[in-house]
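The values are calculated or read from the model by the stated rules, or taken from the named source; none is laboratory data. In this text the structure is predicted, and so the values were computed from the model without any measurement. Cβ placement follows ideal geometry from the backbone for every residue including glycine, while neighbour counts extend to all protein chains displayed. In case anyone asks, the SASA skips ligands and DNA or RNA and just uses the protein heavy atoms, side chains included. Shrake-Rupley method; radii C 1.70, N 1.55, O 1.52, S 1.80 Å.
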Amino acid sequence: MTKGKVDALLGIVFGDEGKGKVVDFFTPRYDVVARFAGGPNAGHTIIFDGKKFVLRSIPSGIFDEGKTNIIGNGCVIAPDLFMAEARELEAAGYDIAPRLHISRRAHLILPTHRVLDRAYEAAKGKNKVGTTGKGIGPAYSDKAARVGLRVGDIEENFEEKYRALKERHEQILRDLHYTDYDIAEEEKLWMEGVEYMRRFKLSNTEAEINRALTEGKSVLAEGAQGSLLDIDHGTYPFVSSSSTTAGGVCTGLGVAPNTIDRVFGIFKAYSTRVGSGPFPVELFDETGETLRRIGHEYGAVTGRNRRCGWIDLVALKYAIMINGVTDLVMMKGDVLDEFETIKVCTAYKKGDEVVTEMPYDTEGYEAVYEELPGWQTPLTEIREEKDFPPAFSAYIAYLEKQLAVRISIVSVGPDREATIIR
Ligand code: GDP
Ligand code: IMO
Ligand code: MG
């Protein structure tokens, strides 16, 4: 990767594409790994040497001792969950404090943000977003409303600032008649988390990253969620509350657009979505169930069933456009091993209307498919492209032609080793 540049690895669909695995795999090539958006709504799975970790707020470059990992200003952080996550890594023998820096400009998720998350969802009736319940929306709302608390706030008069924001939340909850909650225990742990955070370098990470770039160092920006969950470009209002797309790399880390070099867009060989919202490729039949079973499509954060379907080229083309994707990374090809035929959604239709460009609202659209032959050969043990079954190579070639971007990495299993560079 170019020295002195930022590369980004972005989920370009509805999240859970395998970002954790690929960031961990890429880390040896970079000096700094930085998260720029989201918080503990993320669940990034990393598997190596028979060990499995699911990271939420901590960047997936953390296992490489020599690298600096940064939680950027665009992130939101829950001190109690962060403490639990960090302690798990420490218990596994990783001394993470010296290599993890947190932006003082990142916003804090308070226990009452999580109560508000539940209260807002409850008030939405049947139009629930299906959030992860981690207080993400309320925390980013307070950021935009200019009343939020930031990591830097813990350095001075914190109790007072905390109490003021908590009282504001309690008032909103009373107005919503949502008063049956008890955060006493949670709050104690949360305050303990605040104290725990002080052992990490709480810094102006924006300056730190730019200094690293000036010194010719390379940065990998690790996306969270996916492009279709982006607050601006996703399937609003069924989205998360941060900028998960390429623009979010600049605002969420404080790096200029001209520092960005490659944009890796990661997707699965099929589609999934957790939570509510339109999903034209969703399968309610046995095929959907088979994809879920073979792909283990159950949420890493909430354990919810992920909704499953065939790959969606309408969505992928849109995300490639929004992000300026230079390289594609295709995950979980092995999940399709057993299928005799594989479908690809090439357009959406509603009545007589057929569209290939992402509509304003995808609600009510159905998928239009093309069919390709399956490979019916196990892929997981394959380590070189020359050993791919021809039908799998044909699937890759078909997608590259349709998407007009090269698929430069192919993953055929959850382990770090099952990754093929083309
Ligand atoms: P992330 O949020 O984008 O980091 O993805 P998740 O960790 O939420 O979900 C991806 C899941 O797929 C995890 O359970 C990974 O261990 C698993 N996984 C990643 N790559 C592959 C692959 O190529 N094949 C299979 N079968 N599983 C994979
Ligand atoms: P990673 O980084 C998949 C979804 C939730 C819900 C919507 C809003 O692991 O890919 P929120 O709690 O953010 O307000 O929920 O966004 N969602 C994710 N889905 N992967 C994620 O993260 C997600 N983070 C949020 O299910 O539909
Ligand atoms: Mg995930």
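Seen from E353, the other residues with C-beta closer than 15 Å to its C-beta sum to a net charge of -3, counting Lys and Arg as +1 and Asp and Glu as -1.
I want the local charge near T272. Using Cβ-Cβ distances under 14 Å, sum +1 for each Lys or Arg and -1 for each Asp or Glu among the other residues.
With Lys, Arg at +1 and Asp, Glu at -1, the neighbours total +3.
Each Cα pair under 8 Å and six or more residues apart adds its separation to the average, and for the chain the resulting relative contact order is 20 percent. Relative protection proxy for 16-29, 403-416, from highest mean packing down: 16-29, 403-416 (other beta-carbon atoms within 10 angstrom). Give the residues of segment 1-41 whose amide nitrogen is closer than 20 Å to a point set 7 Å from the Cα of N258 in the direction of its Cβ. Hits in segment 1-41 for N258 at 20 Å: 2-8.
So for the chain: antiparallel DSSP bridges make up what percent, rounded to the nearest 5? Within the chain, antiparallel bridges account for around 40 percent of the total. Compute the acute angle (0 to 90°) between the alpha-carbon long axis of helix 205-214 and the principal axis of greatest extent of the alpha-carbon atoms of the chain; round to the nearest 10°. For 205-214 against the chain, the angle is about 50 degrees. Computed from Cα atoms alone, the Kirkwood hydrodynamic radius reported for segment 23-75 is 11.4 Å. How many Å³ per residue does the convex hull of the Cα positions in segment 1-125 occupy? Cα convex hull per residue, to the nearest whole number: 132 Å³. Extension gain, K386 to Y236: 0.36 nm times the residue separation minus the Cα-Cα distance gives 49.8 nm.
With the convex hull of its Cα atoms as the shape, segment 369-422 has an orientation-averaged projected area of 4.1 nm². Mean projected area of the Cα convex hull of segment 347-390, taken over all directions, amounts to 5.3 nm². Charge dipole (Cα centre; +1 on Lys/Arg Cβ, -1 on Asp/Glu Cβ; no other charges) of segment 123-200 amounts to roughly 580 debye. Against the chain, whose longest principal axis comes from its Cα atoms, helix 390-403 is set at around 60 degrees. Gyration tensor analysis over the Cα atoms of segment 269-327 returns equivalent ellipsoid semi-axes of 22, 13, 11 Å (largest first, whole Å).
With respect to the chain, whose longest principal axis is taken over its alpha-carbon atoms, helix 184-197 is tilted by about 90°.
Is there a pair in K52/K332; K67/K317; K188/K332; K52/K401; K21/K350 whose C-alpha atoms are over 29 Å apart, and which pairs would that be? Beyond 29 Å: K67/K317; K188/K332; K52/K401; K21/K350.
How long is the gain from A164 to N204 if the chain were fully straight, where each residue apart is worth 0.36 nm and the alpha carbon distance is subtracted?
11.9 nm
By DSSP, the beta bridges lying fully in segment 243-348 are antiparallel in about 40 percent of cases. Using a simple spin-label model with pseudo-atoms 7 Å out from Cα toward Cβ, T251 and E90 lie 3.4 nm apart.
Put simply, the Cα atoms of segment 314-422 extend 44, 32, 22 Å along their principal axes, the longest span coming first.
A 1.4 Å probe over all protein chains sorts R273, R105 by accessible area into R105, R273, starting with the largest. Every Cα-Cα pair of the chain was included, and the share exceeding 39 Å stands at 18 percent.
With 5 Å bins beginning at zero, the pair-distance distribution over Cα atoms of segment 188-298 amounts to 2, 9, 14, 14, 14, 14, 13, 10, 6, 3, 1 %.
Here the accessible area is traced with a 1.4 Å probe on the protein chains. For the chain, carbon and sulfur cover 49 percent of it. The alpha carbon centroids of segment 369-408 and segment 123-169 are separated by 45 Å. L81 sits among other residues whose Cβ lies under 9 Å from its own Cβ, and their net charge, with Lys and Arg +1 and Asp and Glu -1, is 0. With protein chains left intact and a 1.4 Å probe, residues in the chain average 41 Å² of accessible area per residue.
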